[in-house]
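The values are calculated or read from the model by the stated rules, or taken from the named source; none is laboratory data. Everything numeric in this text was worked out from a predicted model, so none of it was measured. As a convention, Cβ positions derive from the backbone with ideal geometry for all residues, glycine included, and neighbour counts pool all protein chains shown. The accessibility values were calculated without ligands, DNA or RNA, using every heavy atom of the protein model including side chains. Shrake-Rupley method; radii C 1.70, N 1.55, O 1.52, S 1.80 Å.
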Amino acid sequence: MCPLLEIGGWQIPAYNFCALLAAIIGCALALPALRRAGLGRAQAIALLLIMIPAFLIGSRLWNVVVNPGNYLGGLKWYSLRWAGLSFYGGALGAGTALIIAAWQWDLSPWAGLDAMTVPGGVAFCLARLGCFLNGCCAGRATSGPLGVVFPSKAGYQQVLSEWMPFLSASRAVHPTQLYELAGAALGLPLVFWLVKRLRLQQGASFLLYTAWFSAVRLAVLPLRALTYPDIIKTVVYPLLYVIVILLGIAIVLRRARTKKQP
């Protein structure tokens with residue numbers, strides 16, 4: 001772990017650097033993808049400028065709902081800090097902005113969502129790398145071979161998750177950031193290979209990757225040391241993931257059957 005990166009004599013927080021890198025690379029990948037989907041250059045740039053704040057607002061509001069205890073201290077819901085952000089809320093905010101813009105500009109929403117699948121997946125992986133380097137979002141304590149010792153500031157999460165306040169902060173925990181990074185990265189080539197192999201319609205890349213991503217999150221969820229209320233961890237999030245998985249696959253299958261009908 002390396003919470004601070006030294007670049008050109010400057011010390012930069014690893015999380016902030018990776019988050020900024022995720023935004024830059026995500027936009028760099030999204031711009032040509034949106035143009036191939038049918039948008040002009042100015043429209044694609046305008047859409048990205050709308051989606052970025054929509055993502056940040058959505059991710060913060062989602063986090064306020066699922067983790068209200070996070071805002072009892074110094075962090076406020078209106079804070080501009082890159083903390084207290086939830087990916088699904090951000091994806092919902094950015095996706096809503098994209099769909100509204102697509103209707104305004106006569107762009108197929110499915111084409112737009114497909115165009116953002118790779119940029120979104122790559123950006124998520126870079127952001128998770130930042131979490132790992134920073135030592136935040138640590139998993140539960142483990143004695144297995146994959147356990148990693150994070151800086152002490154991340155140790156409080158695994159202490160809370162195990163309900164043993166006397167444990168040392170240096171105890172090994174699951175690197176759930178890397179589990180999710182690996183799962184998200186693996187899903188990109190698999191999904192696009194499947195879509196090409198089966199010649200699926202527009203939207204299939206987005207829907208199948210969303211289902212895959214949610215399955216990864218569902219598998220990693222029991223290993224995460226979340227400080228959310230129990231009902232969020234044991235009911236809301238598992239139910240959300242299952243609904244997204246089933247709904248995504250169902251829509252792909254339905255549209256594939258419709259395509260085959262004479």
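Each label point was placed 7 Å from the Cα along the Cα-to-Cβ direction; for Leu194 and Lys76 their separation is 4.5 nm. For the chain, the longest principal axis of the C-alpha atoms and the axis of helix 14-37 are separated by about 10°. Under a Gaussian network description of the chain, with springs only between Cα atoms under 10 Å, the residue in Gly203, Gly58, Gly147 that fluctuates furthest is Gly147. Would you mind telling me which residue in Leu85, Leu146, Leu129 has the biggest mean-square fluctuation in a Gaussian network model of the chain, where springs connect alpha carbons within a distance under 10 angstrom? Of Leu85, Leu146, Leu129, the most mobile in the Gaussian network model is Leu146.
State whether the chain is rounded, prolate or oblate according to the following rule on the C-alpha gyration tensor (a ≥ b ≥ c being the square roots of its eigenvalues): a/c under 1.5 gives rounded; otherwise a/b larger than b/c gives prolate, and the remaining case gives oblate. Prolate. The stretch 171-217 and the stretch 219-262 have Cα centres lying 12 Å from one another. Between 0 and 90 degrees, rounded to the nearest ten: what's the tilt of helix 152-162 against the longest Cα principal axis of the chain? On a 0 to 90 degree scale, this one is about 90. Note on the chain: with neighbouring protein chains present and a 1.4 Å probe, carbon and sulfur make up 70 percent of its accessible heavy-atom surface. Solvent-accessible area of Glu6, all protein chains in place: 140 Å² (probe radius 1.4 Å, heavy atoms, ligands and nucleic acids excluded). Rolling a 1.4 Å probe over the protein chains gives Ile243 an accessible area of about 90 Å². If you sort the three axes of the alpha carbon gyration tensor as a ≥ b ≥ c, you get a/c of 1.5 or more for the stretch 1-71 and a/b no higher than b/c, which makes it oblate. Ligands, DNA and RNA are left out, and with a 1.4 angstrom probe the accessible area of the chain is 54 Å² per residue.
Dipole magnitude of the chain about its Cα centre, charges +1 at Lys/Arg Cβ and -1 at Asp/Glu Cβ only, in debye to the nearest 20?
740
Which residue, Ser86, Leu39, Ala97, has the largest displacement toward the positive end of the dipole of the chain when charges sit on each Cβ (Lys, Arg +1; Asp, Glu -1)? Farthest towards the positive end: Leu39.
Whole-Hz Karplus values for the stretch 172-189 come out as 5, 10, 5, x, 4, 4, 6, 4, 5, 4, 5, x, 5, 5, 5, x, 4, x Hz, taken residue by residue from phi with 6.51 cos²θ - 1.76 cosθ + 1.60 and θ = phi - 60°; glycine and proline positions read x. Computed over the stretch 1-94, relative contact order equals 26 percent, with contacts defined as Cα pairs under 8 Å that lie 6+ residues apart.
When the Gaussian network model of the chain links Cα atoms closer than 10 Å, the mean-square fluctuations of Ser214, Ser79, Ser108 top out at Ser79. Sparse packing (at most 10 other Cβ atoms within 10 Å of the Cβ) combined with a DSSP loop state is found for the following chymotrypsin sites (Phe, Trp or Tyr not before Pro) in the stretch 1-83: Tyr78. Just check the stretch 172-260 against the gyration tensor rule for me: Cα atoms, a ≥ b ≥ c as the square roots of the eigenvalues, rounded for a/c under 1.5, and otherwise prolate or oblate depending on whether a/b exceeds b/c. Here the stretch 172-260 falls in the oblate category.
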